[in-house]
Amino acid sequence: MMLYLRVVATLLILINAPYIQAASQVFTNDTIRVIVDVSSSKRKETMLVKTGESWVEALTVQSSSVRVRTDTGMQACEIMNVTRTEHGLLLHGDCGVGTFEQRVDISSEKGVLYVSTKLNVKHNVVINSVEDRYDFAPARRLIDNERQGPLDFVWSQNIKSEADDLIPTNGFKSPVVMMQQGEVFAALMPKLNDRHVETVALDLNTTSDERPWMSYGAVPSQPHGHSYFKRDPNARLHLLADTVQYSYSIVLSREPKSLGYRRVVRRLWSELGHPELLRSSDMQENAVTPELNSFSTWRDEAWGTYADRVYFGFDCGGRHCGTLTSSRNVKGDWQHTEPDAWFNAWFQTLRTAYGWYLYGRQTHNMSMVSRAESVLNLALSAPQKDGAFPTIYLINQHKWIADDGWAGYADDYHAFCMSWTAYWMLRWAEDLTPQRKSEVLRFVKQYGDFLVQHQQESGVIPSWYEPASLRPRTEFRDFNAETAASALLLATLGKDTGDKRYLIAAERAMVFLSNEVIPRQRWFDFETFLSCARKDYDFYDRWTSQFPQNNLAEIQAPQAWLTLFQATGKRKYLERGTETLDYLLLTQQVWSNPAFTPNLLGGFTTQNTDAEWSDARQSYVAPLLLDYYRATSNFEYLERAIASGRSTFAVAPWENWAHTGYVDEPGALTGFHWGTGSAATSIEIMSPFLGDAFIDLKTEQGVGFDECTIRNVRVQATIITFHIESKDRQRTFVVRFGAVDPRQQYRISWNSRSNRIVSGRELLANGFKIGPIG
C-alpha cells in the first residue's frame, strides 16, 4: 500500500511538473535566465543575460519588484512564494495593504520577458501609486563628463528638472526606458491601451540610489513648468474591484556597446507602429476639418488656396522676387507681425516653394511655377559678406535680418539657417532649374568657402557670427550639434561640384559629431535652449545622467551621412547614418494616444524637455526616411516615412498638437512653412516614387500612401496579388512597384479580381491604376 501511494505521488508530481512550487525557481532559455529565491529572509529576483559563454546579471530586485505608495510612504512588497508555469514563473507576495500576483513569462522572441502585475488591495485602503521597479545590475562609473557618464547609454522620452519627474502616459511617443553598460542592455516597454486613457508612467534614475533603476506602473502625475511632469503626492488611484493591473515587456539582451536602442526601435515599430499603420488608411484626415482627407483635397488647400493667400510678389534689383509669408515677428512680439520671408531651420520658404514648383509643373500651371521661382530669386538676392548672408527678409521695410531674434541672435549670421537655405538652393539647381546652376553655385560656393575657413581643428563649425568682424559668438562656438547642417551642405556641394575640399570639410564635421556629440547624445541646437522650452546652456539632468537634446540637428545628421555615402561610396557612412537615424526615430510616435483627438501615428515630438505631439518637423523627416529605404531596402523605414508624411495633415494648419503634453488642443498657428506647406512639399517629393500605394516585389510587402492600406501581398515569379482598402470606395489609385524587371510581363490581381497583364516597362513608367474598389 505504501509503495502504491509513493508511485501515485510521484505521478502527480510529474504531471504537474511545470507548476511546481518551491523555495526558489529558475527559468531559462538560450539568452535569458530568471532566478527567484525565497529560501531566506533576503528574498531576491535576478534576471541574467547570456554574453558569450557566461551569464551576467542585468536586473535585480530585493524583496520584490512591486512597490506601493500610500499616505505613509513607499514600501516594497515581499515575495511569499514562486511557482513554475509552462512559460515562466508566477510570483505571489504580500504588500501589507494587499497582495500581489505577478506573472513573468519568457517570450519566444529572444531576449524578451512579458510581465503582468495585479495588486489586490484590501477594501477601503487608499493607494497613491503602484509600480514595478528594477535595479540595473552592471556597475556604474563614477565618471560624469561630456564624453562619458555613469552608464554607456541611458534614454527616456523626457528628462527631469526635479527628482520626482517622470514620463506619464500622455508623454509616451516611443514608450520605453533603456540602460546599457558594455554589452548588457535592458529596457522596459509598457503594454499600451489604445482604447482609453490609463494612469501609468515610466521612471528611471541612474545616480540617486545604490544602483541605477527603472520602473513602470500605475503612477498619477501632475504638470509643472513648461512641459515637465512629476509624481502627484495627493492623487489617489481609482480602483476597479479593489485591483490595480498593468503589463509590460522587458528586453534583456547582449548588444553592441551603446547601440541596444536599435533593437528597441525595431520592436516598437513591429509591435505598435506597423499594426497601427495597417489600421490607419485615413491618417491624413484632419482633426478639425475632416473633409480634408486625401492628398487631392490637401493639394487644393495648400497650393490652390493657402499659397495664393500668403504669396507676396515684388521687385528686387530688377528681378521679380516673391515669398510665401509667415507674418511672424523677429523679436517674438506676436501681436505685431508683418509680411516676411524666412529662410530658417524651421520655416524654410525655399523648400516650400520647391514643392509649389513641383505641383505647378505637374499641373502645367506656369504662373504657379513662375511665382515659386520668384522665391529662389529673393533667396539669391540676399547680400553676402565673405559668403555669409542674412536669412529673414521684411517686405515692408525692404530689410534683411541676419537671424531670428526670439530663438537666436538677430544681428548675427546663423550657420544652421544659412546651411539649410544653401542646401535647398542646390536642390533647386539640380532638380528644378538646371539652367541656373552656375548662378546658384556662385552664391553657394562663397558660403561653402566661408564654412571651410571657419571650421575649427576639432571639425566643429561655429553657429553664430558677429556681423562686422564675422568673429564667432562664444555660444555654440566650440561645441554644437548644428554642425550637422553645415556638414550636409558641404557634402552636397562637394558631391555636386566634385570639389574635394568641401567633402573633406564635411567628413571632418561628421567626425566631430561622432567624437563629441554622439557619445553622450548631446544634440545641442538653438531650439534646445532658446525656443519655448528655454533653459540655461549648462542645463543637465543629474538624476538620469542625460543632457537636453533636440532633434533638428538629429534630422540633419543622417542626411549628411547618407550624402557622404552617395558621394564617396564608403559603406561606413551608411552604417553611421542608420545608427543616427534609428536614434532620431525614438522621437517618432509609434501609436495614437487615446488622450488626444487626432490620429498621431508617425508624427514627431521635438526634444526631451518639451512635450508636443506631431510637430511639423516630421515633414522634414519623411523624405529622409524614404531615402534611407531606397539605400537600405529596410521596409520599416518606408512605413515610417509614410506615417511621418501623412501625420502633419491630421493637425494642420497648426504646428503641432497638445504642446503642453496634456491639453487636447492644437498648438500655435506658426505659418505655412511649419504645417500645411511643409507637409504638402513632402508629398510632392515622395509621390512620384510611391504613387498612392507602393509594393516591393522583392520583399513581398506593400503599404498605402494616400487614403488606402495594402494587405496580403503575394508574389510568385511574375504573378502579383494584393488587397487594397480605403474609406473612399469610388476613387481610383495608382500603385507603384519596386524591384520590377522591365523585361518581364506581370499578371496582377487585386481584391480577388481577374488578372491583368502589364509589362514591367509600363509598371516602371506609369504604375498600375486600379479602382473603384467598392
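A dipole drawn for segment 114-223 from +1 and -1 charges on Cβ atoms has a positive end, and of Thr199, Gly182, Leu151 the residue lying farthest that way is Thr199.
To the nearest ten degrees, helix 2-15 and the longest principal axis of the Cα atoms of the chain are 10 degrees apart. The accessible area of Lys122, taken with all protein chains in place and a 1.4 Å probe, comes to roughly 110 Å². Amide H to amide H, with H built 1.01 Å from N, Tyr246 comes under 5 Å of Thr117, counting only residues 5 or more places away or on other chains. Take Leu237: with every protein chain present and a 1.4 Å probe, its accessible area is about 30 Å². Heavy-atom accessible area with a 1.4 Å probe sorts Cys316, Cys95, largest first, into Cys316, Cys95.
Our summary gives segment 622-774 a relative contact order of 16 percent, counting only alpha carbon pairs under 8 angstrom and 6 or more residues apart.
Near Asp404, the amide H atoms lying under 5 Å from its own belong to Tyr409; only residues 5 or more places off or on other chains count, and H is placed 1.01 Å from N. Put simply, the C-alpha atoms of segment 154-296 give a gyration tensor, and the ellipsoid matching it has half-axes of 28, 23, 16 Å, longest first. Rolling a 1.4 Å probe over the protein heavy atoms gives the chain an accessible area of 38 Å² per residue. Using a cutoff of 8 angstrom between alpha carbon atoms and counting only pairs six or more residues apart, the relative contact order for the chain works out to 10 percent. The angle between the Cα long axis of helix 349-362 and the longest principal axis of the Cα atoms of the chain comes to about 80 degrees, rounded to the nearest 10.
Taking Cα centre as origin and charging only the Cβ of basic (Lys, Arg, +1) and acidic (Asp, Glu, -1) residues, the dipole magnitude of the chain rounds to 1960 debye.
With an 8 Å cut-off on Cα pairs and a minimum separation of 6 or more residues, tell me the relative contact order of segment 354-502 in percent.
In percent, rounded to a whole number, it is 19.
A 1.4 Å probe, protein heavy atoms only, puts the accessible area of Met80 near 100 Å².
Test of understanding: given the chain, find the longest segment containing no GluC sites (Glu not before Pro) that are in a DSSP loop and have at most 10 other Cβ atoms within 10 Å. Result for the longest clean stretch: 458-774. If you sort the three axes of the alpha carbon gyration tensor as a ≥ b ≥ c, you get a/c of 1.5 or more for segment 86-168 and a/b no higher than b/c, which makes it oblate.
Look at the Cα gyration tensor of segment 714-762: its axes a ≥ b ≥ c give a/c of at least 1.5 with a/b over b/c, and that counts as prolate. Could you state the angle between the C-alpha long axis of helix 676-690 and the longest principal axis of the C-alpha atoms of the chain, as a value from 0 to 90 degrees rounded to the nearest 10? For helix 676-690, the angle is close to 80 degrees. Phi angles of segment 201-218 translate, via the Karplus equation with coefficients 6.51, -1.76, 1.60 and θ = phi - 60°, into HN-Hα couplings of 7, 9, 8, 7, 7, 10, 10, 7, 10, 4, 10, x, 9, 9, 8, 8, x, 8 Hz per residue; Gly and Pro are given as x. Sequentially through segment 365-377, phi angles give Karplus couplings (6.51, -1.76, 1.60; θ = phi - 60°) of 9, 6, 5, 5, 4, 5, 5, 4, 5, 5, 6, 4, 4 Hz, Gly and Pro residues having no value and appearing as x.
Once the Cα gyration tensor of segment 594-749 is found, what semi-axes does its equivalent ellipsoid get, as square roots of 5 times the eigenvalues, in whole Å, sorted largest first?
After diagonalising the Cα gyration tensor, the semi-axes are 33, 15, 13 Å.
In debye, nearest 20, what is the charge dipole magnitude of segment 222-274 about its Cα centre with +1 on Lys and Arg Cβ and -1 on Asp and Glu Cβ, if you could check?
My answer is approximately 360 debye.
Residues whose amide H lies under 5 Å from that of Leu202, counting only those 5 or more places away or on a different chain, are Ile167; hydrogens are built 1.01 Å from N in the peptide plane.
If DNA, RNA and ligands are ignored and the probe is 1.4 Å, what is the ranking of Asp496, Asp403 by accessible area, most exposed first?
Greatest to least solvent exposure: Asp496, Asp403.
Surface composition of segment 414-514: carbon plus sulfur atoms hold 49% of the accessible area, using a 1.4 angstrom probe and ignoring ligands, DNA and RNA. Both the radius of gyration and Dmax for segment 281-378 are 15.0, 49 Å, in that order, over alpha-carbon atoms. The candidates Arg436, Arg236, arranged from most to least accessible area with a 1.4 Å probe in the full protein assembly, appear as Arg236, Arg436. Over the residues of the chain, the helix contribution to mean residue ellipticity at 222 nm works out to -8500 deg cm²/dmol, using -39500 (n - 2.57) for each DSSP H run of at least 4. Mean projected area of the convex hull spanned by the Cα atoms of segment 112-152, taken over all viewing directions: 5.7 nm². A viscosity of 1.306 mPa s and a temperature of 10 °C, combined with the Kirkwood radius over C-alpha pairs in the Stokes-Einstein formula, give the chain a diffusion coefficient of 57 µm²/s.
Charged side chains reduced to their Cβ positions (Lys and Arg at +1, Asp and Glu at -1) give segment 538-656 a dipole of some 440 debye around its Cα centre. Here the Karplus relation 6.51 cos²θ - 1.76 cosθ + 1.60, evaluated at θ = phi - 60°, turns the backbone of segment 385-393 into coupling constants of 10, 6, x, 5, 8, x, 10, 10, 10 Hz, with x for every Gly and Pro. As I understand it, the dipole of segment 429-570 uses +1 on the Cβ of Lys and Arg and -1 on the Cβ of Asp and Glu, about the Cα centre. Which of Gln453, Phe547, Phe529 lies farthest toward its positive end? Final value for the positive-end residue is Gln453.
The values are calculated or read from the model by the stated rules, or taken from the named source; none is laboratory data. Keep in mind that what you see is a predicted model, and the values were worked out from it rather than measured. Backbone-built Cβ (ideal geometry, glycine too); neighbour counts: all protein chains shown. Calculation scope for accessible area: heavy atoms of the full protein, side chains included, ligands and nucleic acids excluded. Shrake-Rupley method; radii C 1.70, N 1.55, O 1.52, S 1.80 Å.
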